[in-house]
């Protein structure tokens, strides 16, 4: 007897978990400083919508999870304006917007910063060639 195997192709992120140490303060940072759309809260959790991908902020539930998370790259249309707006809201950037790579049809620009729990975040902008 043969069993047909389903083909699995992972192509969409549904949720990203980010470890924080104070969910209330982290909620204020992501909602009020970064301007992300707050969805809902549960005990020790906060959820945001980021262009259809849900971001979950949570306390580390085990010691091995108590460390900064993966880098989240937020796509912006104009990196210098986003950098200036977030800087005015108190975001302390690691670096200024800078060119990372020249592609055939666009240039990739990045600017990195940390949240309140030292998670590394970044702005990214793909500037199309004219």
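The values are calculated or read from the model by the stated rules, or taken from the named source; none is laboratory data. Please read all numbers here as calculations on a predicted model, not as lab measurements. Please note: Cβ atoms are built from the backbone with ideal geometry, for glycine as well, and neighbour counts cover all protein chains shown.
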Tell me yes or no: at least one residue of segment 103-110 is surrounded by 14 or more Cβ atoms within 10 Å (Cβ to Cβ) and touching a residue at least 40 places away in the same chain (Cβ under 8 Å).
no
Looking at segment 1-44, which of the residues that are closer than 20 Å to residue 65 by Cβ and in a loop (DSSP other than H, G, I, E, B) is modelled with the lowest pLDDT?
13
